[in-house]
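One structure below.
The values are calculated or read from the model by the stated rules, or taken from the named source; none is laboratory data. Here the structure is a predicted model, which is why all the values come from computation and not from measurement. Here Cβ is always computed from backbone atoms with ideal geometry, including for glycine, and neighbour counts include all displayed protein chains.
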Amino acid sequence: MAKLKQYVNLPQISLFVERGIALLDRLGPVHFKTKFKTDDPMLAKFRTVLVSEVSPYTEAEKKRNRWYKLREPIGVEISEGKEMVPGTTAQLPPSGGAVYKIEARAGDKTVESTDEIETWRRLFFQTFYMKHGSDPKKDVPNLKDTLDYYEKKLFVELLEVPEGVRTEIPYLENATADDLIRLVKPKYTVKDREPWVLALVFSNALPALNVIEIGVDVSGKVDLPGRMWGNAELVFELPEGKYAWWGFKPDDDAENGGKGIWLRGDGKLTADGKDFEIPKDSIKLDTSHSFRAGKGFNRLRITLPEKARNQNSIFGKNASFALRLLVADGFSGGFALRDENLLTVARTAWWRDTEKTETEKLQTLNHELGHKLGMVPKGGRHFGGRYELDAPDKLYGDVDLIYGPENPSQDVKDYVKRYDNSKGHRGAHCERGASAEKADGVWEWSGKPECTMFGANAIKGVSALQKFCEVCAKLVIRQNLDPAHSDAVLSFKSLLDSR
C-alpha cells in the first residue's frame, strides 16, 4: 500500500506537474476512476473514508465554514464497459496531514483502494536580495532548515522559483514598502504562478514610517530665551523613540532637492486662549543634534510668531503648541505586506548599527510568513472573520483597528478603547510563555516566548523561537492555503497590479 500526496490547495493545471508531482490527479479534488471485470452495466457508488488526521477541525470551525467538511461525490454512476471514468470528485478539506482511503461499491460488493491519500499544500517564492559588500552571508540566510520544518511538521512545501536562483535588486540603505515594490517589480518573473507565489525580499534597513500629532504643554518643558521678546525660539525634542523623517531617504530631504516631508503643514501655538499660526518655515530641524552618530534627528527649533511674542502671552500657564510630523518609529526587523504578495526581512535592525544574526533573520522570516499564511486567526473573536479558524487561547493584539473596517463605527472605536488587547503590537499574535503588565501607559513584557508568532523578536535579550508553538502549529496545519479560494485568508494580491 502506498501513501499518495494530494495537493489540496493547487488547481489541476499542467504548470504544477513538477518536482514530485507527476500527475494532474495529485492536484485539487480527488477524481474517481474505476475498472469493471464485466461488460454488463451496473450501478456504482464511491466514497472517501477518513483514516486519520493530524489537526481536526473543531465543530465551531466547521459550522462557520462549509469547506472544512469533507464534500463527497454526488450520486451514482452507470458503468458502460470495462473502464469507467465517472467524473465524480471528492473535495477534501484544506488541512494538511489528513489520510483518506477510497471505497467503490457495485452491486453487493465493496472494494477499497489499495493506496491511501495524504493531504498536502504547496506554495512558491521568488528570492530577491540587496547585495551588501562581498560577504554572501549578509545577503540571503540558509533557508534549508526553515523549508524542512514546514515540510516535515506542517505539511507545507515551500518551493523557490526559479529553482536555485537568487535575484539581485538595487541596494537601498533604507527602504519602505513602496520602495521594495518599486525595486522588485522589474525583476519579478513568476506572474504565471499567482496567487500561489510571493516575493521574498532580503533588504538592508526598514525604518518604520509613521505620522504623529504632537501637542505639548510649553510651560516648564521647553527653553524660551528672551521671554518671547525679540527672536524668541522654542527648543523642543520629540518624545522618546520618535525621530524626524530625515536622512533615511535623501530624496525626501530638502538639502538634497527633496520636499523635507518630515513636517506636515503649519504648527499652532495657543497662549492665553489665543491661537497663533506657526508657518512651516519657522520650524527647523536641528541637524547638529543627533541620536547615535547622526542616524536620527529629534530636536526642533521653532521661531515663535511675532504677534505672540509682542503680546508677551507666554506668561500664561495654558500655553501649548501642536505639530503634525512624519517620524521614524525606530526600525522593523521585517514585515509582510497585507495586500500584496511580498514579505521582507532586514539585514539590520534598530538604527542600522545592529546587524541581525542568521538565527534572528530566520525567526523574522518565519514570523512574517506566518502572517502571510493567515496567522494568527481570530475566529470566534469580535473582529474574527467568518471563515477564520478558532483563535488560540493566548491570542493578543487581536483588537486593533488594522483588522477593523476602513471607517469604523463609533461602536467599534468604543470597543477597541475598552477591550484593547494589542499590548504594544499591531495585529494578532501568540503570547504563549510570556506575560505583560502595563506601567505608566507602556506594556512591559517578561518571560520566554514559546512561539514564533510572539509580537517581538525578543524579551530583554531572550529571543523568540523560530518555530510555532504546538497550538499555533496545528492552526497552520489546518489553514486553507489556497489563496484563490473565496474562503481563504491569505493576502497574495499581485505585486504587478499594486501601487
Which condition number in (1) within 18 Å of ILE212 (Cα to Cα); (2) modelled with pLDDT of 90 or more is the one that GLY330 fails? (2)
Starting from region 98-121, keep only residues that are among the small types (Gly, Ala, Ser), then list their pairs with residues that are surrounded by fewer than 16 Cβ atoms within 10 Å (Cβ to Cβ) and modelled with pLDDT under 85 whose Cβ atoms are within a distance under 7 Å, requiring at least 6 positions of separation or different chains. ALA104/VAL111; ALA106/MET42; ALA106/LEU43; GLY107/MET42
Subset of region 378-398 (residues that are farther than 22 Å from ALA456 by Cα, part of a loop (DSSP other than H, G, I, E, B) and modelled with pLDDT of 90 or more): GLU388, LEU389
Acidic (Asp, Glu), touching a Phe, Trp or Tyr at 6+ places or on another chain (Cβ under 8 Å) and at pLDDT 85 or above, is that true of GLU103? yes
Would you be able to tell me the number of residues in region 423-470 that are more than 26 Å from ASP145 (Cα to Cα) and either within 20 Å of the chain's Cα centre (by Cα) or among the hydrophobic types (A, V, I, L, M, F, W, C) (or both)? 10
For region 276-306, which positions are over 19 Å from PRO250 (Cβ atoms), charged (D, E, K, R) and modelled with pLDDT under 85? GLU306
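Tally up the residues in region 228-262 that are in a strand (DSSP E or B) and within 18 Å of SER320 (Cα to Cα), please.
Going through region 228-262, the residues in a strand (DSSP E or B) turn out to be 233-237, 243-244.
Applying the additional criterion that residues be within 18 Å of SER320 (Cα to Cα) yields 233-237.
The qualifying residues number 5.
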Taking region 167-190 and keeping residues aliphatic (A, V, I, L, M) and either more than 16 Å from GLY333 (Cα to Cα) or in a helix (DSSP H, G or I) (or both) leaves ILE169, ALA177, LEU180, ILE181, LEU183, VAL184, VAL190
From the options LEU198, LEU147, residue that is assigned to a strand (DSSP E or B) and under 21 Å from GLY374 (Cα atoms): LEU198
Which condition from (1) at pLDDT 90 or above; (2) under 30 Å from ASN142 (Cβ atoms); (3) touching a strand residue (DSSP E or B) at 6+ places or on another chain (Cβ under 6 Å); (4) charged (D, E, K, R) is the one that ARG352 breaks? (1)
Does region 448-466 contain at least one residue that is touching a residue at least 24 places away in the same chain (Cβ under 8 Å), aromatic (Phe, Trp, Tyr) and either in contact with a helix residue (DSSP H, G or I) (Cβ under 7 Å, 6 or more places away or on another chain) or assigned to a helix (DSSP H, G or I) (or both)? no
Filtered residue count, region 264-281, keeping only those that are outside any strand (DSSP E or B) and either touching a residue at least 40 places away in the same chain (Cβ under 8 Å) or buried (at least 17 other Cβ atoms within 10 Å of the Cβ) (or both): 4
Which of the following residues is more than 28 Å from the chain's Cα centre (by Cα), closer than 29 Å to LEU154 by Cβ, at pLDDT 80 or above and charged (D, E, K, R): LYS3, LYS63? LYS3
Near pairs, Cβ below 6 angstrom, 6+ apart or cross-chain, from region 157-172 (closer than 24 Å to GLY370 by Cβ) to any residue that is acidic (Asp, Glu) and modelled with pLDDT of 95 or more: GLU157/GLU151
Flag if GLY87 is small (Gly, Ala, Ser) and modelled with pLDDT of 90 or more: no
